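Here the structure is laid out as structure tokens; the discussion comes afterwards.
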Amino acid sequence: MLTETLGPVLVANRGEIARRIIRTVKRMGLRAIAVHSEADADLPFVREADEAVLIGPANPAQSYLDAAKVLEAARATGARAIHPGYGFLAENAAFARAVVDAGLVWIGPAPEAIDRMGDKINARNLMEDAGVPVAAGTREPVTDLELARKAALDIGYPVMVKTAGGGGGIGMSVAHDEEALAKAFEQAARAAARFAAAAAEGGEGDALAGPAILLERYIERARHVEVQILGLPDGTVVALGERDCSVQRRHQKVVEESPSPGITQELRERMLAAAVRAGEAVGYLGAGTVECLVDADKQDFVFLEMNTRLQVEHPVTELVTGLDLVELQLRVAAGEQPEVRPEVRGHAFEFRVYAEDPKRFLPGPGTITAWAEPAGEGVRVDSGYEEGNTVTPFYDPLMAKLCVHGETRGQALERAREAIAGFTVEGPKNNLPFCAELLDEAEFASGDYDTGLVGRMRGGRA
Amino acid sequence: MAEVRAEMVANVWKVVVKEGDTVSDGDTLVILESMKMEIPVLTEDDGVVTQLKVNEGDVIQEGDLIAVIE
């Protein structure tokens, strides 16, 4: 098998995703190499790798985001491929190029595809040109408030203001009027400046470049539905179903499910076809995600952005298709042409277990004094921590992903209820009580919900 | 006199005020960063910042004193 030529595989990430990738790498008979910061030395992914390299202090800029240190670790350990996971360097085209230039296999799409999709303005324009529907919005970077005001009048309020780079909901906000627009623009500009500074620190990009901000028509009561695609070496792209990610706080996902309960089969087929078109338009190779906003009432959708990497919520797709997306990424990166005939069976959910208080969703790092994961039919837990570990303030708050599968949505929900009740986390604040509360929410249980759900549950404060 | 303390472990990302500044209810004193989130720390009192105990780049623990408003 071609994949034998990939090992050892260096996993340039941390926490649950590093652990999850290491699991598949080892199952495929390849050596797995972890890199880690000083703060993460005791985490399970470091121990479970065949070899681990300390690459720097807790500050991500000096460890997980430091391309030179990751490449040096690959050289020192004889790694032949690098899997970036999500976040950190995963969507950094310059890093992908450096990996290829070092003679290593980059487990991800071509650097050019990352470049073209990484900038949200560019991606929007590219998709529009490829015949994929987009929301009314700006085709050029909006560099000052005056331009933003003009653009918002053209588009019509409410508008979504966001940065062309970055992710995780950082710097994103909705403006319903001109006064709110000024605030939203300032917030986005601050986030854009930080992204630029981080890029400059990592040896690429220009910290002094103006903020690249875009405005888009904001769809009220929209669902966030995304399509998992896989680009194959022969240039074809297959769609592996969709995920509904409409349960969000601060524009960041908390719960995902597949199939989406909010789209008809007719809309599903249109979205999957558009995602394939989007992938083929950029010559996409490997796993990627085409994010869309769905107007559930009109049963219509617009392109939001494309993520050129493995997605946090990929397990829901794995549970309903029976595929191992990391294995497919590795095989495609090795030049294999896997035969993929996606068939969706049953229903799956993912609940992100965050270290945050369940009321206001503010960060709650701390030392884990008790940790017991649920088990049972249809239950899968991807976790990054165990008892005795400390969840530090340096990284994102994701501690684990509690995933469930059932023959029907109802059965999956029932299993989720039991699994959440059976998950013990003590020490850091955590949102398991929120997950339980969500299951009791009629709107969520019915499947007829939208991205405003969590905000309504919290009286508009989420 | 009112003490403003940290609600969580965090890095001090930005210090907005300095000792001697006059502030009023709702003003941002410092901006913390924890788990990739910016958390503004606001004063709930009107007065003068008589003590400012943190610097940009500091790592502070839950309960640590950030500022005193008198």
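Across region A:13-28, in residue order, what do the Karplus-derived ³J(HN,Hα) couplings come to in whole Hz, using 6.51 cos²θ - 1.76 cosθ + 1.60 with θ = phi - 60° and x for Gly and Pro?
7, 9, x, 4, 6, 4, 4, 5, 5, 4, 4, 6, 4, 5, 4, 7
Relative contact order for chain A: what is it in percent, counting Cα pairs under 8 Å that are at least 6 residues apart?
15 percent
If eta is 1.306 mPa s and T is 10 °C, what Stokes-Einstein diffusion coefficient results for chain B, Kirkwood Rh from Cα pairs, in µm²/s?
Result for D is 136 µm²/s.
Give me the Debye-computed log₁₀ of I(q)/I(0) at q = 0.09, 0.11 Å⁻¹ for region A:209-333, equal point scatterers on Cα only, no solvent, two decimals.
The calculated log intensity ratios at q = 0.09, 0.11 Å⁻¹ are -0.25, -0.37.
Using only alpha carbon pairs under 8 Å that are at least six residues apart, calculate the relative contact order of region B:2-69 and give it in whole percent.
Once normalised by length, the contact order is 45 percent.
With +1 on the Cβ of every Lys and Arg and -1 on the Cβ of every Asp and Glu, and nothing else charged, how large is the dipole of region A:228-273 about its Cα centre, in debye rounded to the nearest 20?
300 debye
Based solely on its DSSP helices, what 222 nm [θ] is calculated for the protein assembly as shown when runs of n ≥ 4 H residues each add -39,500 (n - 2.57) and the sum is averaged over all residues, nearest 500 deg cm²/dmol?
Taking each H run of at least 4 residues, the total per residue is -8500 deg cm²/dmol.
Would you pull out the residues with amide H under 5 Å of A:GLY241's amide H, same chain only if 5 or more places away, H placed 1.01 Å from N?
Excluding prolines and chain starts, which carry no amide H, the hits are A:GLN228.
Answer with one residue from A:GLN62, A:VAL340, A:ASN307: the one whose Cα lies farthest towards the positive end of the charge dipole of the protein assembly as shown, charges on Cβ with Lys, Arg +1 and Asp, Glu -1.
Farthest towards the positive pole: A:VAL340.
From the square roots a ≥ b ≥ c of the eigenvalues of the alpha-carbon gyration tensor of chain A, which class results: rounded (a/c under 1.5), prolate (a/b over b/c), or oblate?
Since a/c stays below 1.5, the shape of chain A is classed as rounded.
Mind checking the dipole of the protein assembly as shown: about its Cα centre, +1 per Lys or Arg Cβ, -1 per Asp or Glu Cβ, Debye to the nearest 20?
1020 debye
Counting only other chains, what is the mean number of Cβ atoms within 10 angstrom of the Cβ of each residue in peptide B:32-44?
Other-chain Cβ atoms within 10 Å of each residue's Cβ, averaged: 5.
Going by average Cβ density within 10 Å per residue, which order do the peptides A:366-379, A:212-225, B:22-35 take, highest to lowest?
Going by the mean number of other Cβ atoms within 10 Å, highest first, we get A:212-225, B:22-35, A:366-379.
Using the Karplus equation 6.51 cos²θ - 1.76 cosθ + 1.60 (θ = phi - 60°), what ³J(HN,Hα) coupling, rounded to whole Hz, does each residue of region B:2-10 give in order, writing x for Gly and Pro?
10, 9, 10, 10, 6, 8, 7, 5, 7
To make sure I understand the rule: partners must be lysines, Cα under 22 Å from the Cα of A:LYS120, and not fewer than 8 residues away in the same chain. Which ones qualify?
Within reach: A:LYS150, A:LYS162, A:LYS183, A:LYS253, B:LYS36.
Values in this text are rule-based calculations from the coordinates and carry no lab data. This one's a predicted model, so the numbers in the text were calculated from it and none came from an experiment. Positions of Cβ are backbone-derived with ideal geometry, glycine not excepted, and every protein chain shown enters the neighbour counts.
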